[in-house]
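First up is the structure itself, then whatever we jot down about it.
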Amino acid sequence: MKHQIQHPLLVVGAHMVSESDFIAAFQAYHDALQDPAAKVESIRPLVNEHLEQLIGRLPGATVQNAARQRAMTELDRIEDMAKEKAVEVAAEVEKAETEVREKVAEVTARPTVFVEPENPEVGSAFTVGFSGSSGDPHAWIGIYSAGASHAEHGSNWLYVGGTQQPREGKVAGSVTFIGDQYVAGDYEARLFRNNGHELMASISFTISAQPEPEPEPEPEPEPEPDEPADALMEAFSVFDRDGNGVIDIDELRHMMVALGENLSEDEIRATLAEADADGDGVINFEEFKVIMLMDRSGPEAVEAEPEEEPEPEPEAEPEPEEEPEVITASSGLSIADVSDHLDTLKLFGDKRRYIESLSDEVFDFTLKIEKMEKTIGIGLADEFRGGETCIGTVDEIGVGVRMPNTMDLHVGKEVFVEAKLLEYRSVVKRFEFEHL
């Protein structure tokens with residue numbers, strides 16, 4: 001849930017500015033500073049400018065000065081909180097990096113050898129990798145039959161520089177042995193400190209005989225392809241930015257933006273909760289597949305192209321008639337119907353698309369006004385600019401209706417409404433309409 005910032009600015013005239021306008025500005029500043037890459041010096045001037053516009057709508061210099069002082073104090077407090085959090089995050093990152101370096105140092109300090117591939121075939125070359133060597137140019141690696149003494153290498157050895165002539169001393173690296181001089185069987189690769197036989201590390205491995213070639217099977221018809229799992233895994237890897245095998249809340253936020261889902265913080269957290277089937281607070285690959293495959297008809301689903309119809313013979317154009325007056329008719333769809341269907345949808349993108357599909361529907365209902373707010377927004381028609389948004393409930397469902405600025409309205413009044421649906425505001429659980 002978002003942090004709610006309270007501020008003691010007074011609500012002044014209904015046609016001026018309210019406390020909620022200031023709270024919205026503070027909340028926007030708080031949210032912007034949650035991004036670790038956010039720069040206070042570039043964001044703060046924009047917030048200051050916006051607040052000055054709000055303060056300028058307050059009555060009188062005394063009220064404006066008091067509001068300005070309180071607003072700047074609140075912004076400073078938000079900024080201090082963000083800086084404290086940034087310090088904490090930096091300390092956690094530094095601690096994690098230190099632990100990683102210590103682990104790497106611990107692993108690399110311990111002499112080890114390994115063979116790649118683990119079980120080479122007869123006749124094929126193989127590589128012996130090593131770390132934690134002495135750094136002496138005369139450190140060397142020998143290949144032995146299992147159980148043989150250190151002297152029984154049969155000239156199957158190389159210095160860590162890669163040849164039988166001493167070169168640079170290496171603490172870590174690899175050398176390659178030609179495989180055609182070995183028969184199938186069990187072997188050991190041994191790392192020695194210098195020209196002597198002081199063993200530092202060893203590993204057992206098997207050289208296997210080449211398998212007999214199998215007869216080629218008759219070709220089988222290829223099955224219908226499913227959506228490729230490797231493509232989903234590749235997408236999962238892109239969103240799993242830290243590569244830990246799960247998608248956390250921050251990575252989900254970036255994922256929703258990449259998928260074109262413009263969700264609020266509460267909606268992102270709700271999406272995480274819905275997808276997190278095992279309740280561990282993150283999304284694993286199986287849960288990720290549910291999100292990506294939701295509401296798909298299949299990878300091969302292609303919209304059928306309409307058949308071409310013959311063009312009709314041209315007809316004589318009729319005489320123009322007067323267009324009848326358009327009468328808006330109610331669809332008969334109730335707000336409760338919409339709310340019930342909305343509850344069946346899991347993804348917020350599906351919910352938004354469902355609401356958008358109802359843009360041509362007409363809803364009629366009686367609304368008892370419980371609260372009134374000034375209608376604000378971008379691109380308002382002239383008839384709604386400066387008007388009121390009336391808020392109440394219909395069938396116990398939250399409803400807000402933009403009303404024309406010519407209507408005489410007050411709290412407690414019952415009005416009959418014919419309106420179109422604009423959006424569903426999930427945070428406040430309210431349908432927003434515009435009066436026709």
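Which residue, of Val428, Val411, is part of a loop (DSSP other than H, G, I, E, B) and open to solvent by 80 Å² or more (accessible area, probe 1.4 Å)?
Details: Val428 fails: open to solvent by 80 Å² or more (accessible area, probe 1.4 Å).
The conditions single out Val411.
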Note to self: Looking only at the range 264-277, count every residue that is outside any helix (DSSP H, G or I) and either among the aliphatic types (A, V, I, L, M) or open to solvent by 70 Å² or more (accessible area, probe 1.4 Å) (or both) and tell me the total.
What the structure shows: 1
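When only residues in the range 102-121 that are in contact with a Gly (Cβ under 9 Å, 6 or more places away or on another chain) and at pLDDT 90 or above count, which is farthest from Thr206 (Cα to Cα)?
Kept after step one, since they are in contact with a Gly (Cβ under 9 Å, 6 or more places away or on another chain), are these residues of the range 102-121: 107-116, 120-121.
So of that shortlist, the ones also at pLDDT 90 or above come out as 111-116, 120-121.
Values: Pro111: 21, Thr112: 18, Val113: 15, Phe114: 12, Val115: 10, Glu116: 11, Pro120: 7, Glu121: 9 Å.
For the range 102-121, the residue satisfying everything is Pro111.
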Note to self: With the requirement that a residue be in a loop (DSSP other than H, G, I, E, B) and open to solvent by less than 70 Å² (accessible area, probe 1.4 Å), what does the range 35-76 give you?
What the structure shows: Ala38, Gly56, Leu58, Pro59, Gly60
Check: Mind checking whether some residue in the range 49-66 is without any contact (Cβ under 8 Å) to a residue 24 or more places away in the chain and of a type in the set (Asp, Glu)?
Finding: yes
Item checked: Unique residue being in contact with a His (Cβ under 6 Å, 6 or more places away or on another chain), touching a residue at least 40 places away in the same chain (Cβ under 8 Å) and more than 30 Å from Val17 (Cα to Cα) when the list is Gly129, Gly142 -> Gly142
Checklist line | Pair list, Cβ < 7 Å and 6+ apart or interchain, from the range 86-104 residues that are closer than 19 Å to Lys39 by Cα and touching a residue at least 12 places away in the same chain (Cβ under 8 Å) to residues that are open to solvent by 100 Å² or more (accessible area, probe 1.4 Å) and of a type outside the set (S, T, N, Q) | finding: Ala86/Pro36; Val89/Pro36
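Here is a yes/no grid of residues against (1) touching a strand residue (DSSP E or B) at 6+ places or on another chain (Cβ under 8 Å); (2) at pLDDT 90 or above; (3) not small (Gly, Ala, Ser):
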| site | (1), (2), (3) |
| --- | --- |
| Pro310 | no, no, yes |
| Glu322 | no, no, yes |
| Asp340 | no, yes, yes |
| Glu361 | yes, yes, yes |
| Lys374 | yes, no, yes |
Next item on the list: Give the range 368-382 a look and list any residue that's without any contact (Cβ under 8 Å) to a residue 24 or more places away in the chain and surrounded by 15 or more Cβ atoms within 10 Å (Cβ to Cβ), or say none.
Entry: Leu380
Check: For the subset of the range 332-364 comprising residues that are open to solvent by 50 Å² or more (accessible area, probe 1.4 Å) and in a loop (DSSP other than H, G, I, E, B), which member is farthest from Arg269 (Cα to Cα)?
Finding: Gly332
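Taking Glu261 as the residue in question, decide whether it is outside any helix (DSSP H, G or I) and either modelled with pLDDT under 85 or open to solvent by 30 Å² or more (accessible area, probe 1.4 Å) (or both). If you could, list the steps in order and put the result at the bottom.
On the way: outside any helix (DSSP H, G or I): yes; either modelled with pLDDT under 85 or open to solvent by 30 Å² or more (accessible area, probe 1.4 Å) (or both): yes.
Taking the combined requirement at face value, the residue satisfies it.
Restricting attention to the range 386-408, which residues are closer than 24 Å to Gly349 by Cα, surrounded by fewer than 19 Cβ atoms within 10 Å (Cβ to Cβ) and free of Cβ contacts under 8 Å to residues at least 60 places away in the same chain? Explain how you work it out, then say what you get.
As a first pass, look at the range 386-408 and keep what is closer than 24 Å to Gly349 by Cα: 397-401.
When the remaining residues are screened for being surrounded by fewer than 19 Cβ atoms within 10 Å (Cβ to Cβ), the result is 397-398.
Residue satisfying the conditions is Gly398 alone.
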Next item on the list: Report, by residue number, each residue of the range 240-258 that is touching a Lys or Arg at 6+ places or on another chain (Cβ under 9 Å), open to solvent by 50 Å² or more (accessible area, probe 1.4 Å) and of a type outside the set (Asp, Glu).
Entry: His254
Checklist line | Every residue from the range 173-218 that is free of Cβ contacts under 8 Å to residues at least 40 places away in the same chain, under 17 Å from Trp157 (Cα atoms) and open to solvent by 60 Å² or more (accessible area, probe 1.4 Å) | finding: Gln181, Glu198
Next item on the list: Assess whether Arg296 counts as being modelled with pLDDT under 85, assigned to a loop (DSSP other than H, G, I, E, B) and either over 28 Å from Lys429 (Cβ atoms) or polar (S, T, N, Q) (or both).
Entry: yes
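Is it the case, given these coordinates, that Phe416 is open to solvent by 40 Å² or more (accessible area, probe 1.4 Å), at pLDDT 90 or above and in a strand (DSSP E or B)?
Taking the combined requirement at face value, the residue satisfies it.
Return the total of residues in the range 155-165 being in a loop (DSSP other than H, G, I, E, B) and open to solvent by less than 60 Å² (accessible area, probe 1.4 Å).
From the range 155-165, those in a loop (DSSP other than H, G, I, E, B) are 155-156, 160-165; that's our starting set.
Restricting the remaining residues to those that are open to solvent by less than 60 Å² (accessible area, probe 1.4 Å) gives 156, 160-163.
Residues flagged as in a loop (DSSP other than H, G, I, E, B) and open to solvent by less than 60 Å² (accessible area, probe 1.4 Å) within the range 155-165 amount to 5.
The values are calculated or read from the model by the stated rules, or taken from the named source; none is laboratory data. Predicted model only: the values in this text are computed from it and were never measured. A quick note on method: Cβ atoms are made from the backbone with ideal geometry, for glycine too, and the neighbour counts reach across all protein chains shown. Side chains included, ligands, DNA and RNA excluded: accessible areas come from the protein's heavy atoms. Shrake-Rupley method; radii C 1.70, N 1.55, O 1.52, S 1.80 Å.
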